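Undergrad: First, the structure itself, so that you have it in front of you.
The values are calculated or read from the model by the stated rules, or taken from the named source; none is laboratory data. It should be emphasised that the depicted structure is a prediction, and the values quoted were computed from it without experimental measurement. Glycine gets a Cβ as well: all are built from the backbone with ideal geometry, and neighbour counts include every protein chain shown. For accessibility, only protein heavy atoms count, side chains too; no ligands or nucleic acids. Shrake-Rupley method; radii C 1.70, N 1.55, O 1.52, S 1.80 Å.
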Amino acid sequence: MTINRRTLLARTAMLAGALALTKQNAIAKALNDTGLKDLYKDDFYIGTAIGNARLNSPPAGFNALVAREFNALTMENDMKWERIHPTPDQWAWERADKFMALGEQQQMFMVGHVLVWHSQTPDWVFNDDHGQPLPRKALLARMKTHIDTLAGRYRGRIHAWDVVNEAVDEDKGWRKSPWFNQIGPDFVEHAFRYARAAAPEAQLLYNDYNMHNPGKRQFVVDMIKRFKEAGVPIDGVGMQGHVGLAYPDIAEFEKSIKAFAATGVAVHITELDVDTLPVAWEHIGAEISSNFDYADELNPYPNGLPAEVEAQLAERYAEWFALFLKHRESIARVTLWGTGDSESWKNNFPVRGRTNYPLLFDRDYQRNAAYHAVAALKK
Ligand code: XIL
């Protein structure tokens, strides 16, 4: 069969085109398969927190994006006492089991959040059948059963547990929570011992916000030292990292990383997000019961983040990640508190109904300028 020259040329061009396309696709695919977790693979895990809505009905492409970008996973709410153990005899495992399946499919570093906390814990936990505060012994027993059941169920599968969350009240020492009031300060030690027994393979963390605060830093350092001397099993500190464009002072945060690391425990950045909105009445912190009335001046960007603020956010994120890289020897993990901006609790905290831009993906799950700034540190 003879092929005329024109057909031949056309075929060659088609073939070359197809080859170029394959090559282009390969490059696009490589880029698509590579995320922050790959860029930071020699430094620390890069994690995200997943809420129940995303777990149950993920938007198109969401699970693939999470698998591409992250290699650590925390459940935002559904392992908290009120969700997983809402009444004394009821355990709601479905969502947590689903979370485990999702992370295990991708062989992610799985984080359990959280065993003992004063928030999102039902009142019945602290009271007897007559509504009277449980005495120390009975409350300890209740705590132990909770930890045994929850940490025990996922034994060997959860790699790190936030054992106790937010037990320290800024520079005032122990928070006067029902745990503290009814058991005493050693409730924390007991929680760690119970957790070690129930999940011997898991790293056990103490987790808190505003960890840059010098008073809190010192209190936590002293606590870890005492624990180590007494043989209380603590492996790490979780610095939540709910920060803003202008707070806290990074130098103070760095002092805390160094101080915690110097005690010999691992540092985990557990809940990073960068609030881009005006600070409401000097509110800095993450005590979730705080809230302030909505006002338009506190919600200046309902229709999109202005370019100059986006640039500021990118610069700020780069500063944080540069700090984490500087201390990569001490830092085991950096987890973002959510994936896309629309999911973030910061749209409703500490003021409800605002439009915030605290994460690395926008409302359409596109990488934002801050993402590229964080990625660029590794390129
Ligand atoms: C937040 C969740 O993101 C919200 O959805 C929920 O309404 C309140 O709790 N510190 C913690 C997290 O340890 O569990 C909190 O998560 C944020 C502050």
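Undergrad: Roughly how many percent of the accessible protein surface of the chain is carbon and sulfur, given a 1.4 Å probe and a whole-percent answer?
TA: 52
Undergrad: Can you give the relative contact order of region 237-379 as a percent, counting alpha carbon pairs under 8 Å and 6+ residues apart?
TA: So the answer I get is 30 percent.
Undergrad: Rounded to the nearest 10 Å², what accessible area does Glu201 have for a 1.4 Å probe in the complete protein model?
TA: Surface open to solvent at Glu201 totals about 110 Å².
Undergrad: Can you pull the one-decimal nm distance between simple spin-label points at Arg83 and Tyr301, each 7 Å off the Cα toward Cβ?
TA: The two pseudo-label positions are separated by 2.7 nm.
Undergrad: Sticking with this structure for a sec: Going by amide H atoms built from the backbone, whose H comes under 5 Å of the H on Tyr45, apart from near neighbours?
TA: Placed amide hydrogens put Arg333, Val334 under 5 Å from Tyr45.
Undergrad: For Ala64 and Val309 in the same chain, what is the full-extension length gain: residue separation times 0.36 nm, less their Cα-Cα distance, in nm?
TA: 85.3 nm
Undergrad: Which order do you get for Phe292, Phe126 if you rank them by accessible area with a 1.4 Å probe, largest at the top?
TA: Solvent-accessible surface, decreasing: Phe292, Phe126.
Undergrad: Hey, in the GNM for the chain with a 10 angstrom Cα cutoff, which one of Asp364, Asp123, Asp275 fluctuates hardest?
TA: Ranking Asp364, Asp123, Asp275 by mean-square fluctuation puts Asp364 first.
Undergrad: Full extension from Ser289 to Arg352: what is 0.36 nm times the residue separation minus their Cα-Cα distance, to one decimal in nm?
TA: 21.5 nm
Undergrad: Additional query: Efficiency by 1/(1 + (r/R0)^6): what FRET value for Asp42 and Gln218, r their Cβ-Cβ distance, R0 = 45 Å, to the nearest 0.05?
TA: In this case the efficiency is close to 0.90.
Undergrad: Further, regarding this structure: Hey, what did the chain get for relative contact order, percent, Cα under 8 Å, at least 6 apart?
TA: RCO, the chain: 15 percent.
Undergrad: Now a separate question. Taking a point 7 angstrom from the Cα of Glu94 along the C-beta vector, which residues in region 100-139 have backbone N less than 16 Å away?
TA: 100-101, by backbone N distance to the label point.
Undergrad: Under 13 Å from a point placed 7 Å out from the Cα of Asp186 along the Cα-to-Cβ direction: which residues of region 106-144 have their backbone N that close?
TA: Correct set: 136-137, 140.
Undergrad: Leaving ligands, DNA and RNA out of it, work out the accessible area of Val163 with a 1.4 Å probe and give it in Å² to the nearest 10.
TA: Here the accessible area works out near 0 Å².
Undergrad: Still on this model: Expected output is a single nm value to one decimal: the length gained when fully extending between Gln107 and Tyr247, i.e. 0.36 nm times separation in residues minus the C-alpha distance. What is it?
TA: Here the answer is 46.9 nm.
Undergrad: Does anything in region 156-182 have its amide N under 13 Å from the 7 Å Cα→Cβ label point of Glu201, and if so which residues?
TA: Hits in region 156-182 for Glu201 at 13 Å: 156-160.
Undergrad: Leaving out ligands, DNA and RNA but keeping every protein chain, what accessible area does Arg153 have, in Å² rounded to the nearest 10, with a 1.4 Å probe?
TA: Rounded to the nearest 10, the figure is 100 Å².
Undergrad: Which residue, Val164, Val309, Val188, tops the fluctuation ranking in a GNM of the chain built on C-alpha contacts under 10 Å?
TA: Judging by the Gaussian network model, the answer is Val309.
Undergrad: If R0 is 25 Å, what FRET efficiency do you get for Arg363 and Leu323 from their C-beta distance, rounded to 0.05?
TA: 0.35
Undergrad: With only Lys, Arg, Asp and Glu charged, each at its Cβ (+1 for the first two, -1 for the last two), find how big the charge dipole of the chain is about the Cα centre; round to the nearest 20 debye.
TA: I would put it at about 1620 debye.
Undergrad: Here is a follow-up. What's the percent breakdown of Cα-Cα distances in the chain across 20 Å bins, shortest bin first?
TA: Per 20 Å bin, starting at zero, the Cα-Cα P(r) for the chain comes out as 27, 55, 13, 4, 1 percent.
Undergrad: Just Gly244, Gly152, Gly131 to compare: in a GNM of the chain, with alpha carbon springs under 10 Å, which one fluctuates most?
TA: In this elastic network of the chain, the residue with the biggest mean-square fluctuation among Gly244, Gly152, Gly131 is Gly131.
Undergrad: Also, quick follow-up: With a cut-off of 8 Å between alpha carbons and a minimum separation of six or more residues, what is the relative contact order of region 196-283 in percent?
TA: The value is 34 percent.
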